[in-house]
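Structure record follows, encoded as C-alpha cells.
The values are calculated or read from the model by the stated rules, or taken from the named source; none is laboratory data. Note that this is a predicted model, so its numbers are computed, not measured. Here the Cβ positions follow ideal geometry from the backbone for every residue, glycine too, while neighbour counts run over all protein chains shown. Keep in mind that these areas ignore ligands, DNA and RNA; they rest on the heavy atoms of the full protein, side chains included. Shrake-Rupley method; radii C 1.70, N 1.55, O 1.52, S 1.80 Å.
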Amino acid sequence: MKKYRLENWKRTWSYSAFAKAAVLATILLVSCNKKEYQLKKIVGSKTAIDSSLTSAQEIEDYIAPFKKSLDVQMNEQLSYNPVSMNKSDYKLNTPIGNMMAAIVKTQGEPVYKSRTGKTIDIVLLNNGGIRAGMPAGPVTMRSAYEIMPFDNEIVIAQLTGDQVNELINYLIERKSAHPIDGLQILLHEDGTAASVLINNQPLDRDNVYNVATNDYLYNGGDNMSFFKDTPLTTIDYKIRNAMIDYFKKVDTLKFKRDNRFDYVN
C-alpha cells in the first residue's frame, strides 16, 4: 500500500514538472519573438461634408422604413398655432418665450408638488435656448424638437430673497426677453426698476422661493451665478417632453406679449 502511494506521488510530480517546463518554454519563446513597433508616419486626409457627397443606396434602403415611421410620428398634428411666434418678435418678453415659461410651470409643477408638496413660484429660462420659431399652423412633435433640440431638464432651485434679488438685477441689466413666469418687472424709461412683484406680491428678502429653470442654467449657463450651490430638486422631466405633453392636451395655442417685463406706460 505504501509503495503504491510513493509511485503515485512520483508520477504526479513528474506530470507537474513537465507542465511547468512547458509553460516556461512557451513564455521564453514568446518573449524571444516579441517585436518592437515604432510609429514612423501619420497620413491624414480631409473630406468636405457638403452637397458633393453622395448617399450609399444600401444604407438609404435600410433606414427608409424607419425614417418613414419616424416622419409619421414627427409630423402628426398635436395642436394649432394661429399666429407665427419668434423669439425676436419683441423686446423684454415675447409670445414664444411666455409659452415656454408657461409650459414649464404647467407641466412641471404637478410633478414637483407630488414629490415635495411645494409649488413653483418663479420660472426662468433663457432666450438663447429657444432655437427656432413656431410658424402659424399645425403644431407637431417636430415643432418641439426644432424649438428645443437639447435634452435640458426641468429643475427647481430654492433661492433666498437675496438670491432672487440678484436674479431680478440680472434681468434688468441684460434687458433680454428671457422667458419668465410668476415675476413682473416694470422699468422706468431710464431702465431702472419701477416695480417688482412675485405672484403679485413684493419681494420678501426673508422668504425662500422655488424657481424652476433648466439644468444648463442651474449649472451657471448664461452667467446665471445666482443659482450656484442652491438646494435643488430634479423631477426627471425634459423640457421638450413637457412641450409635447402640453401640445397634446391644448387644442389651440393662445400666447401673447404682456407686461410681465416691460416699461411703465
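The residues of segment 232-244 that are open to solvent by less than 80 Å² (accessible area, probe 1.4 Å) and either free of Cβ contacts under 8 Å to residues at least 24 places away in the same chain or out of contact with any Ser or Thr (no Cβ under 7 Å at 6 or more places or on another chain) (or both), listed by number, are L232, T234, I235, Y237, K238, I239, R240, N241, A242, M243, I244. Taking the criterion of being out of contact with any helix residue (DSSP H, G or I) (no Cβ under 8 Å at 6 or more places or on another chain) and surrounded by 16 or more Cβ atoms within 10 Å (Cβ to Cβ), the only residue of segment 251-262 that qualifies is D262.
For segment 113-135, which positions are under 18 Å from the mean Cα position of the chain (by Cα) and farther than 11 Å from T213 by Cβ? N127, G128, I130, R131, A132, listed by residue number. Checking the stated criteria, D151 turns out not to satisfy the condition of being among the acidic types (D, E) and within 30 Å of Y263 (Cβ to Cβ). Taking first residues from segment 61-75 that are touching a residue at least 40 places away in the same chain (Cβ under 8 Å) and partners that are surrounded by 10 or more Cβ atoms within 10 Å (Cβ to Cβ), the Cβ contacts under 8 Å between residues at least 6 apart in sequence or on separate chains come to Q73/M141; M74/T140; M74/M141; M74/R142; M74/Y145; N75/T140; N75/M141; N75/R142.
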